[in-house]
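**Student:** Attaching a single structure in structure tokens format; questions to follow.
The values are calculated or read from the model by the stated rules, or taken from the named source; none is laboratory data. Here the structure is a predicted model, which is why all the values come from computation and not from measurement. Cβ placement follows ideal geometry from the backbone for every residue including glycine, while neighbour counts extend to all protein chains displayed. SASA here: full protein model, heavy atoms, side chains in, ligands and nucleic acids out. Shrake-Rupley method; radii C 1.70, N 1.55, O 1.52, S 1.80 Å.
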Amino acid sequence: MKIRGAYIAAAVAAAIMIAFPAFLGAYPLNVARSVMTYMALAVSWDMLLRSGQISFGIAGLFGLGSYASILAVLRGGMDPLLSIAFAALVAGLVAFALGFAILRLRAMYFSITTLALMEIFRIIMHNLHDFSGGPEGVVLPEVIFGGDASALYWLCLGGLAVTIGASWYFERSKLRLALTAIRNDETSARSNGIDIFKYLLVAFVVTSTLQGMMGAIQVQSYGFTTPDTAFDANFTLLPLAMALLGGIHSTIGPMAGAVLLGIASEWLKLKIPYGHLVVYGVIIIIVILFMPNGLFGLARKAIRKAGGAGSPGSASNGSDAEEGAR
Amino acid sequence: MSKLSTTGLTKAFSGLVAVNDVSFAMEEGEILGIIGPNGAGKTTFIHLVSGILMPSSGRIEFKGRDVTYLPAHERSRLGIARTYQLIHPLENLKVLENVMVGAVFSRGKSLREARLSAEGICDELGLGGLDRDTAQLSILEIKKMEIARALANEPEVLFLDEVMAGLNSDETKQMIETVRRIAGERRMAVGVVEHVMGVIRELTQRVIVLEAGELIAEGPYEKVSKDPRVIEAYLGGAA
Ligand SMILES: Nc1ncnc2c1ncn2[C@@H]1O[C@H](COP(=O)(O)OP(=O)(O)OP(=O)(O)O)[C@@H](O)[C@H]1O
Ligand SMILES: [Mg+2]
């Protein structure tokens, strides 16, 4: 069966991922961690996107998680591993509170507000000298797990696994129906019992929690952070480009995009410093202009063409024209 | 007790009063026609009772309970469902999933239960090919899908806003039968908006007539259609 095959493939992939440290050196493990971090961010960004809300705030929640974790250890003496859960919780609670204000917004207004929030978090960390270390940031006396490359890799893989699991649940449960309905047509969603705000809040809180968790894992693995590292706009830009390239509104699309772009950017970083950023910009433009459904969308189209099944009916882009006089 | 009633229901859009002081009631098992010339306020009236728009003033009661300002999703859970004059398919969901949405969120069914109930309803409406994308449906099929979705909410009151518009005469006949059957089996109160008077005559026991937002006549179609005010409203609209 098709489904059975997919499970087996996933299990094999997971086993290989878990076994990586056995046959990879420190540098490739490092690259893998970076790819996995971006992959988790790309998948989490997509999870909210399934409701139609485009967040530019990934870096904000990632940075918030970083700071919550490092400060909990440094100022509160918390166990580093526990601080990751704590940071995820903080990000989730902040998203919950903010959600009441910003989830009434739609489209551009929502996106711009999330971008602004990221900047506000950064400025706060910049200016709370005594508590957050100000512009110079903070350093931990010791990296988690004594900096053991394999342990750090597994920690990051764990964060990614939680994210993929959550995304899988989003795809398998009634959340998919709710979020897709909200994205396609809010009027129709409301008429069929969907509490739009509730589902947007769930999606926003869950994805923010995941982003905060990944920030915490990152900061514990490096042992230091500054406002400019924690809230680096790349943590917003790269996941976005990865998800768009692979194919949005799915778990597998952003994952594939992250592998491709993540590895390509490592290579480019070595060739031309900062060149990878230009490449990201170009990819975003090309994808948006020529392949709005990403690589997986192209593949699906090719399969459909080869099979000759189904009508070519253009996927109508839902413009929710409200009723009125004709 | 009436299933649904309004008193003095009014909706003003910055100056234009689209629904003006409308009081009416709908009873169990009744098929009510809602007619009036273009722009009379029929669709706006349905938006108000289903919670898609909030009224400027007046009161809406569902089985005696005040629901005037209740959000739309809560009204659909209580038992008020509707279709739209301009179709509202969820284009990234399959046909069956479109229908399931009503069962999952209004009735709180699990995906499994919702699938079964949606299949049953589609079968009842003669809608097949449930694994298709909505873009592949004919206009008749889309309308059936939207009725099926509304029925999946298991409503006690259902509004159908021009579900026959765009259908040919055979399809219209079929749809009239369908509406009569689903209304009878479920003992629902059904409000039907149509411009084709033949449909209204065949389907409804009673009609209300709106003109420029006001309720100007009420009664069996045969009587109302002879009312001078109604004739005037239609002729005035056509002139
Ligand atoms: N959102 C809105 N803002 C401003 N005016 C509106 C709005 N919606 C409807 N109207 C106006 O309210 C009046 C009633 O419109 P409505 O759509 O309810 O009429 P209708 O009876 O359904 O007409 P039709 O038979 O053409 O469908 C019209 O004059 C329309 O232009
Ligand atoms: Mg109308």
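**Student:** Quick one: would you say residue B:81 is assigned to a helix (DSSP H, G or I) and within 14 Å of chain A (Cβ to nearest Cβ)?
**Tutor:** Considered against the rule, which asks whether it is assigned to a helix (DSSP H, G or I) and within 14 Å of chain A (Cβ to nearest Cβ), residue B:81 comes out as no.
**Student:** Scan segment B:125-138 residue by residue and report those that are away from chain A (no Cβ under 13 Å), part of a loop (DSSP other than H, G, I, E, B) and open to solvent by less than 50 Å² (accessible area, probe 1.4 Å).
**Tutor:** Across segment B:125-138, the qualifying residues are B:127, B:128, B:130.
**Student:** Kindly indicate whether residue B:194 is open to solvent by 10 Å² or more (accessible area, probe 1.4 Å), touching a residue at least 24 places away in the same chain (Cβ under 8 Å), within 25 Å of residue B:2 (Cβ to Cβ) and out of contact with any Pro (no Cβ under 6 Å at 6 or more places or on another chain).
**Tutor:** Here the answer is no, as residue B:194 does not meet what is asked.
**Student:** Determine, yes or no, whether residue B:23 is small (Gly, Ala, Ser), modelled with pLDDT of 95 or more and surrounded by fewer than 19 Cβ atoms within 10 Å (Cβ to Cβ).
**Tutor:** yes
**Student:** Go through (1) more than 17 Å from the chain's Cα centre (by Cα); (2) more than 16 Å from residue A:68 (Cα to Cα); (3) at pLDDT below 95 for residue A:237 and report which single condition fails.
**Tutor:** (1)
**Student:** Restrict the check to segment B:88-100 and report whether at least one residue is in contact (Cβ under 8 Å) with a residue 40 or more places away in the chain, within 14 Å of chain A (Cβ to nearest Cβ), within 30 Å of residue B:177 (Cβ to Cβ) and touching a Pro at 6+ places or on another chain (Cβ under 9 Å).
**Tutor:** Yes, that holds for at least one residue.
**Student:** Quick one: count up the residues across segment B:52-75 that are within 9 Å of chain A (Cβ to nearest Cβ) and either out of contact with any helix residue (DSSP H, G or I) (no Cβ under 9 Å at 6 or more places or on another chain) or surrounded by 24 or more Cβ atoms within 10 Å (Cβ to Cβ) (or both).
**Tutor:** So the count comes out to 3.
The rows are residues; the columns are (1) open to solvent by less than 10 Å² (accessible area, probe 1.4 Å); (2) under 15 Å from the mean Cα position of the chain (by Cα).
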| residue | (1), (2) |
| --- | --- |
| A:30 | no, no |
| A:35 | no, yes |
| A:42 | yes, yes |
| A:46 | yes, yes |
| A:50 | no, yes |
| A:53 | yes, yes |
| A:65 | yes, yes |
| A:68 | no, no |
| A:73 | no, no |
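**Student:** Taking the options B:201, B:181, B:187, name whichever one is at positive phi and basic (Lys, Arg).
**Tutor:** It is B:187.
**Student:** Same structure again: So, restricting to helices (runs of 4 or more DSSP H) that lie completely within segment A:128-200, which ones have at least 1 residues that are among the aliphatic types (A, V, I, L, M) and more than 30 Å from residue B:81 (Cα to Cα)?
**Tutor:** Helices (runs of 4 or more DSSP H) meeting the threshold: A:149-172.
**Student:** Another question, then. Of the residues B:78, B:48, which is open to solvent by 10 Å² or more (accessible area, probe 1.4 Å), among the hydrophobic types (A, V, I, L, M, F, W, C) and closer than 29 Å to residue B:17 by Cα?
**Tutor:** Going through B:78, B:48 in turn, the sole match is B:78.
**Student:** Within 16 Å of ligand 1 (Cβ to nearest atom), in contact with a helix residue (DSSP H, G or I) (Cβ under 9 Å, 6 or more places away or on another chain), in a helix (DSSP H, G or I) and more than 14 Å from chain A (Cβ to nearest Cβ), is that true of residue B:200?
**Tutor:** Yes.
**Student:** Next question. Among the residues of segment B:115-124, is there at least one that is in contact (Cβ under 8 Å) with a residue 40 or more places away in the chain and either open to solvent by less than 50 Å² (accessible area, probe 1.4 Å) or more than 22 Å from residue B:55 (Cβ to Cβ) (or both)?
**Tutor:** Within segment B:115-124, one or more residues are in contact (Cβ under 8 Å) with a residue 40 or more places away in the chain and either open to solvent by less than 50 Å² (accessible area, probe 1.4 Å) or more than 22 Å from residue B:55 (Cβ to Cβ) (or both).
**Student:** Out of segment A:129-144, which residues are hydrophobic (A, V, I, L, M, F, W, C), touching a helix residue (DSSP H, G or I) at 6+ places or on another chain (Cβ under 8 Å) and open to solvent by 20 Å² or more (accessible area, probe 1.4 Å)?
**Tutor:** A:131, A:143
**Student:** Within segment A:170-190, which residues are open to solvent by 10 Å² or more (accessible area, probe 1.4 Å) and of a type in the set (Gly, Ala, Ser)?
**Tutor:** A:173
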